[in-house]
Amino acid sequence: MGLFAAKKLTLPTPGEALPGRGERLPVPAGHFVLGHPLAPPFPDGMEKALFGMGCFWGAERKLWQADGVYTTAVGYAAGVTPNPTYQEVCTGYTGHNEVVLAVFDPGLTSYQALLKIFWESHDPTQGMRQGNDAGTQYRSGIYTHSDAQRRAAVASRDVYQERLTAAGHGTITTEILAAPDFYYAEEYHQQYLAKNPRGYCGLGGTGVACPVGVGAIAG
C-alpha cells in the first residue's frame, strides 16, 4: 500500500503507463447548463483555454459561471495513456491531469480574466494534490493554445507569486505546457455539480487576490 500511495504522487514513465485504447469515449451533444455543444466545431471567433486546478467538478462550475464562456467540458490531459477512463486516471498510471476546457468569446471576456479565475480558485503551491485530494490528476496546470496564451500564463504566474510570497505562501508548482491532447471524460462527469448540486467540490483557494484581470497583460 505504501508503494502504491507514493506512486500516485509521481508521474509514470511511458513504459509504466497503462496502454489505454484506440477509441475515444462518447461525448454528450450539449452542455447541461449552457446548452451549447461540448465538442467542435465551435462558432467562428471562439477561443479555448485549458486548466487543471484539482477536482474537475468544482473547477468546471467556476468556469461555466464566468461571463463570456460559451461552453465547458471536463476531461484528461498531459498524460501518456491514450483515451483513458476515469478509473485508469485515478490509479496514477496514465499521467493525466483532471482538466477543464473552456471555450470563450474574446469579445465578451479575455484569457487574462480566465487566468484570474484559475489562480484564485485553487492553491497552486501544493504539487501533486489539491486540499484533501492527492494524486497526479490533481496537479495545477495551464495548457496553452498559442504563444500569446503562454506569455500571459507565465506573466500572471510571476505576478501572483509575488502576491503569494508577500502573504507568506509557498512556491507555485503549476505546470505551464503547450496544450496536449484533450480526452473528454465520461458523460456523468460533465457538468457534474449542476446534475448533483450537493456533490463534492474540493476547490479551495489561498485567499490571495490575483491582480491579473481584463487587459492587465498584453498578448
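Loop sites only, by DSSP: take the trypsin sites (Lys or Arg not before Pro) in the chain that have at most 16 other C-beta atoms within 10 Å and name the longest stretch containing none of them.
On the way: sites that count: Arg21, Arg24, Arg198.
It works out to 25-197.
Just to confirm, what accessible area per residue do you get for the chain at 1.4 Å probe, in whole Å²?
On the way: 9720 Å² over 219 residues.
Spelled out: the 1.4 Å probe surface of the chain, per residue, equals 44 Å².
Alpha carbon centre of the range 47-75 versus the range 107-121: separation in Å?
Cα centroid of the range 47-75 versus Cα centroid of the range 107-121: 10 Å apart.
Kindly write out, for the range 126-139 in residue order, the coupling ³J(HN,Hα) from the Karplus curve 6.51 cos²θ - 1.76 cosθ + 1.60 (θ = phi - 60°), rounded to whole Hz, with x marking Gly and Pro.
9, x, 8, 6, 8, x, 7, 8, 10, x, 5, 6, 10, 6
Please give the calculated 222 nm ellipticity per residue for the chain, where each DSSP H segment of at least 4 residues contributes -39500 (n - 2.57) and the sum is spread over every residue; nearest 500 deg cm²/dmol? Can you show the working numbers first?
On the way: 6 runs with 54 residues, N = 219.
Using -39500 (n - 2.57) per qualifying helix, the result is -7000 deg cm²/dmol.
Please give the length that would be gained between Asn196 and Asp44 if that part of the chain were fully extended, namely 0.36 nm times their separation in residues minus their C-alpha to C-alpha distance (nm, one decimal).
Details: separation 152, 0.36 × 152 = 54.72 nm, distance 3.22 nm.
Taking Asn196 through Asp44 to full extension adds about 51.5 nm, to one decimal.
Where the accessible area of the range 1-106 is counted over protein heavy atoms with a 1.4 Å probe, how much of it, in %, is carbon and sulfur?
On the way: 2800 of 4660 Å².
Exposed carbon and sulfur together represent 60 percent of the surface.
Compute, for the range 79-180, the length of the dipole vector about the Cα centre, with Cβ point charges of +1 (Lys, Arg) and -1 (Asp, Glu) only. Units Debye, rounded to 20. Walk me through the numbers on the way to the answer.
Values: 7 positive and 10 negative charges, 33 e Å.
Using Cβ point charges on Lys, Arg, Asp and Glu, the range 79-180 gives about 160 debye.
Which whole number in µm²/s is D for the range 134-219 by Stokes-Einstein, with the Kirkwood Rh taken over Cα pairs at 4 °C and 1.567 mPa s? Could the numbers behind the result be given before it?
Numbers: Rh = 15.5 Å.
Stokes-Einstein gives a translational diffusion coefficient of 84 µm²/s.
Which of Tyr86, Tyr143, Tyr188 moves most in a GNM of the chain, Cα contacts under 10 Å?
Tyr188
Normalising by the residue count of the chain, find the relative contact order in percent from Cα pairs under 8 Å and 6+ residues apart. Show your work: numbers first, answer last.
Numbers: 469 pairs, mean separation 63.6, N = 219.
Value for the chain: 29 percent.
Along the Cα-to-C-beta direction of Arg21, a point sits 7 Å from the Cα; which residues of the range 61-84 have their amide N less than 19 Å from that point?
74-77, 79-84
Nothing charged except the Cβ atoms of Lys and Arg (+1) and of Asp and Glu (-1): what's the magnitude of the dipole of the chain about its Cα centre? Round to the nearest 20 debye.
360 debye
Taking +1 at the Cβ of each Lys and Arg and -1 at the Cβ of each Asp and Glu, which of Tyr160, Leu25, Thr85 sits farthest along the dipole of the chain towards its positive end, judged by Cα position relative to the Cα centre?
With unit charges placed on the Cβ atoms, the residue in question is Tyr160.
Read through the labelled values (i) 16.5, 56; (ii) 21.5, 95; (iii) 16.6, 51 and report the label of the one computed as Rg and Dmax of the Cα atoms in Å from the structure.
Matching the structure shown: (iii).
Report the FRET efficiency, 1/(1 + (r/R0)^6), for Thr173 and Asp105, where r is their Cβ-Cβ distance and R0 is 30 Å, rounded to 0.05. List each step's numbers first, then the result.
Details: r = 31 Å, r/R0 = 1.03.
After rounding, the FRET efficiency stands at 0.45.
At a Förster radius of 22 Å, what calculated FRET efficiency corresponds to the Cβ-Cβ distance of Asp133 and Asn83, to the nearest 0.05?
Details: r = 23 Å, r/R0 = 1.05.
FRET efficiency, Asp133 to Asn83: 0.45.
Run the accessible area of the range 122-215 with a 1.4 Å probe and give the carbon-and-sulfur part as a rounded percent.
49 percent
The values are calculated or read from the model by the stated rules, or taken from the named source; none is laboratory data. Bear in mind that the values here come from a model prediction, so they are computed numbers and not experimental data. As a convention, Cβ positions derive from the backbone with ideal geometry for all residues, glycine included, and neighbour counts pool all protein chains shown. We work out accessible area using only protein heavy atoms, side chains counted, and drop any ligands, DNA or RNA first. Shrake-Rupley method; radii C 1.70, N 1.55, O 1.52, S 1.80 Å.
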